[in-house]
1. Report which label in [x] 12.6, 48; [y] 16.9, 49; [z] 9.9, 29 holds the value of Rg and Dmax of the Cα atoms in Å derived from the coordinates of this structure.
2. Can you list which of the GluC sites (Glu not before Pro) found in the stretch 1-33 are DSSP loop residues with at most 14 other C-beta atoms within 10 Å?
Amino acid sequence: MELQEVVLKAMKEAGVPLNAGKVAELTGLERKVVDKVFAELKKEGKIVSPVRCKWEPAEK
């Protein structure tokens, strides 16, 4: 599974906005990997920030 899919899946399953640290904890990925994936997802508009420093998938 692609890293973006892993991160998005974890975010959808959580059901609440998450920060990168929590996503790293849930997925078992390194924080710097999650930060890189977050940057890609933000650029593509696949995640949005409803609360400062927390993110959720753009389409639920």
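1. Structure-derived value, by its label: [z].
2. Hits after loop and neighbour filter: E2, E30.
Here, each number is a calculation from the coordinates, and none is a lab measurement. Since this is a predicted model, take the numbers as computed values, not measurements. Glycine also receives a Cβ, built like all others from the backbone with ideal geometry; neighbour counts cover every protein chain displayed.
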